[in-house]
Amino acid sequence: MHIILWFVTSVVAAIGLAAAPDPSPPPAIDIYSNAVHKMQALAARGNPPYLVFDLEIESHNLHWYPTTDSSDGLTDWEAKLVHANETSNYRVWYRSKDQRALVQDAATHKAYVGDAPFEPESDHLLGESHASPTPSASPSPMPSKSPSDTAAASDQVLGAITVNGSSHYIVTLVGLEARDGFPVYHLHLQAKRDAVDYPLTDLWVDAADYRVRAVHGEVTIRAVAAAVAVGVDAGFSALDDYWLVTSIDFTMKGYLMVWHANTATSVRTHIVSAPESLPAAYFTPPKT
């Protein structure tokens, strides 16, 4: 009899536990504020001193290419409009203190010293990217200059993550979702007034520790007889105690004079290692 009573009591308790609803999530504005504070703390940790990573750039109607300064041998990266799709892969050895990189093209094995096309570091969260490429619409019949700057647009979106805009956004909770195997709160943000200064539209916030795992934002760049809308999506990954931007996608749609352009670029990194040091020779351009 005691065994039967114990069994019935256990079943009833189990049914009660199974039927109990999940605790209500925090208010959306609290999730947002906690996420901002968490990302501020993560950004303050800085970057690993050195990184080795593989970089893939997949683009639509944009050609990314290196330009080397003949005076100092250092390489910068630019982009121009083309009517083609292309994918490029690089191995990058990166030094954080001066944002200098050794970049080797996986296809041609040619190496460049200077800026990296993209670096997975936390400075993006402060709007302080130093090496991201700046597209320039140069091929005929397009004009030689473009008002768009996708690097600035991506930094504007990423930098907004660490700025508390609680009084400037209407924040709503879309729901609890899964992102890279982690439960996340999906927040939708709508700027109350100036969307230029408050470009975030969506955040995916880790439900356990409030790290932002992904973000989407929209930036519109306007000039005389020109307007370009840039959509930015970014993802984050952990490396030891660091929280780094490891993927970024941006789309650009707009017009310049009578020309219209639709472009897209996806940047993906795979971190190979974070060594304590790398040879100084890696970051010294060859003598010409």
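The values are calculated or read from the model by the stated rules, or taken from the named source; none is laboratory data. All of these numbers come straight from a predicted model, not from anything done at the bench. Note that we place each Cβ from the backbone using ideal geometry, even for glycine, and neighbour counts take in every protein chain shown.
Once segment 137-170 is narrowed to residues that are more than 22 Å from the chain's Cα centre (by Cα), among the hydrophobic types (A, V, I, L, M, F, W, C) and at pLDDT below 90, the residue that is nearest to Asp202 (Cα to Cα) is Ala137. Of Ser122, Ser96, Ser33, all but one fail to be polar (S, T, N, Q) and without any contact (Cβ under 8 Å) to a residue 60 or more places away in the chain; the exception is Ser96.
For segment 263-288, the candidate set comprises residues that are under 27 Å from Asp69 (Cα atoms) and among the charged types (D, E, K, R); within that set, the residue that is modelled with the highest pLDDT is Arg268. Residues in segment 171-201 that are in a strand (DSSP E or B) and of a type in the set (D, E, K, R) were compared, and the one that is modelled with the lowest pLDDT is Arg179. Any residue at all in segment 216-235 that's part of a loop (DSSP other than H, G, I, E, B), within 21 Å of Ala43 (Cα to Cα) and either more than 18 Å from the chain's Cα centre (by Cα) or modelled with pLDDT under 90 (or both)? No; the residues of segment 216-235 include none that is part of a loop (DSSP other than H, G, I, E, B), within 21 Å of Ala43 (Cα to Cα) and either more than 18 Å from the chain's Cα centre (by Cα) or modelled with pLDDT under 90 (or both).
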